Amino acid sequence: MTTLDHDAGAATSRKLRTQEEVEARIRAICFKTGPPQLVGAELEWTLHHAAAPHAPLDPATVRQALGRHAPAVLTSGLRPDPLPAGGEITLEPGGQLEISSAPATTLSALHTAVSTDLEHLTALLDDAGLVLGKHGIDPYRSPRRLLHTPRYTAMERAFDARGRHGRTMMCSTAGLQICLDAGPADELPTRWRTVQALGPPMVALFANSRRFAGRDTGLASARMAAWWGMDPRLTHPPVGPPSDPAAGWVRYALTAPLLCVRRGGGGWDPPPGATLRDWLAGALPEPPTVADVDYHLSLLFPPVRPRGYLEVRYLDCQPGGDWIAPAAVLATLLGDRHTTEAALELAAPVAGRWHPAYRSGLADRALRRAAESLTDLAARRLDRTGLPAAVRTHVIETVQRRLDVSAEELS
């Protein structure tokens, strides 16, 4: 082990004994401010046999299809090769595939990289008779866990104790995550409020997960309904002072239930009902380490999660290349101070309408008006993204198609 590796290991194994130490750690890593420079995306899909989309998957089939790109969870820890443009493939508990892009300096560069990696992945799967899903939830199969690890076993038990939605989230949902820089310190509160307020109209606009496990749920986004139906301490937005997003996030992290606690042997189940604050108070034999706190933060699932950058988690998976439409809308609306302030003004009246968003989508008239106004604002500034003209046209046409379909349903 190098000195650098040893120093890093020592830092993450340091025990945190007070709430003040934990708060300092959370503030240090979750909101890193500075000029917005990078954008990223995480694209997740359900995975299906092309000839029989209802049929279950098995790990061996997925591993063989992905070859040298197969994630370590399928290859006894062997590190996978990145995709041609630098993205990495991960596998979710129910067999959902995810591409995590490398951070890009422009939206245009991100589009090029993700398109390259997606084309490569699609070809690999096609050769194996597999296809990526097109919806935010599995329209064919009931939840079934493909991966059996201590992490997922503990999570499943914790979720099952609270109802059915956690297992659905783990095994059947597929989302699109857009990652944006937190921005300068003086702009952070507005950017944080805006990206949260955009949630309900963007959920409504890009909802596409009505069918689940062979039935019509009657919901615009059954994916978001599953997330929302879980423990609100894990999946609802944090609440805190508007001027200090980190304060609200610290409180959220401290009061969220522990989902699993890593151990060298045996199960990873935490004490029932224990929170991070309880851990600090002695609920477990040893106080948490820096690595334990970081791991707990990775198991919180609000609509927007601060990870140094802002990870937008509220969007349904989009089919094929349509992912660029919500990515471009969000990146444009958060592209500069004046546009962000204008977007917040438009979104603020519907900022809390999460339930109508996943239940009714754009059939909710207030959400439809907000979505129309926000996408119009984004369209008028889309040329600032650097996206090629053909891609900008695709974004506008994709958004308009979704608005037109909704209008037909309302007429």
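Among the residues of the range 221-276, write down those that are among the basic types (K, R) and over 16 Å from C30 (Cα atoms). Hits for the range 221-276 are R223, R233, R262, R263. When you check R167 against the structure, is it assigned to a loop (DSSP other than H, G, I, E, B) and crowded, with 17+ Cβ neighbours inside 10 Å, yes or no? The answer is no for R167.
Looking only at helices (runs of 4 or more DSSP H) that fall completely inside the range 292-411, which ones have 3 or more residues that are closer than 16 Å to T194 by Cβ? Quick ask: steps written out before the conclusion?
Values: elements: 324-333, 337-347, 354-360, 365-381, 389-410.
In the range 292-411, the matching helices (runs of 4 or more DSSP H) lie at 324-333, 337-347, 365-381.
Among the residues of the range 140-149, is there at least one that is within 24 Å of R210 (Cβ to Cβ) and either acidic (D, E) or touching a His at 6+ places or on another chain (Cβ under 8 Å) (or both)? Among the residues of the range 140-149, at least one is within 24 Å of R210 (Cβ to Cβ) and either acidic (D, E) or touching a His at 6+ places or on another chain (Cβ under 8 Å) (or both), which makes the answer yes.
Residues that are of a type in the set (D, E, K, R) and without any contact (Cβ under 8 Å) to a residue 24 or more places away in the chain do occur in the range 166-187.
Among the residues making up the range 254-275, those that are touching a strand residue (DSSP E or B) at 6+ places or on another chain (Cβ under 9 Å) and either of a type in the set (K, R) or part of a helix (DSSP H, G or I) (or both) are L254, T255. Looking at the range 31-58 only, could you name the residues that are closer than 30 Å to R307 by Cα and out of contact with any Gly (no Cβ under 6 Å at 6 or more places or on another chain)? Result: F31, T33, G34, P35, Q37, L38, V39, G40, A41, E42, L43.
Would you point out which residue out of A347, A370, A379, A389 is crowded, with 22+ Cβ neighbours inside 10 Å, farther than 19 Å from S100 by Cβ and over 22 Å from the mean Cα position of the chain (by Cα)? Give the derivation first.
Working: A347 fails: over 22 Å from the mean Cα position of the chain (by Cα); A379 fails: crowded, with 22+ Cβ neighbours inside 10 Å; A389 fails: crowded, with 22+ Cβ neighbours inside 10 Å.
That would be A370, the only listed residue that is crowded, with 22+ Cβ neighbours inside 10 Å, farther than 19 Å from S100 by Cβ and over 22 Å from the mean Cα position of the chain (by Cα).
Here is a yes/no grid of residues against (1) of a type in the set (S, T, Y); (2) closer than 14 Å to V62 by Cβ; (3) part of a helix (DSSP H, G or I); (4) touching a residue at least 60 places away in the same chain (Cβ under 8 Å):
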site: P93; (1), (2), (3), (4): no, yes, no, yes
site: L118; (1), (2), (3), (4): no, no, yes, yes
site: L124; (1), (2), (3), (4): no, yes, yes, no
site: V131; (1), (2), (3), (4): no, yes, no, yes
site: H135; (1), (2), (3), (4): no, no, no, yes
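Scanning the range 131-148 for residues that are touching a helix residue (DSSP H, G or I) at 6+ places or on another chain (Cβ under 8 Å) and surrounded by fewer than 20 Cβ atoms within 10 Å (Cβ to Cβ) gives V131, K134, S142, R144, R145, L147. Annotation note: of G40, G67, G86, the sole residue that is modelled with pLDDT of 95 or more, touching a Ser or Thr at 6+ places or on another chain (Cβ under 6 Å) and of a type in the set (G, A, S) is G40.
The values are calculated or read from the model by the stated rules, or taken from the named source; none is laboratory data. What you are looking at is a predicted structure, and each value in this text was computed from that prediction instead of being measured. Reconstructed Cβ throughout: ideal geometry from the backbone, glycine too, with neighbour counts over all protein chains shown.
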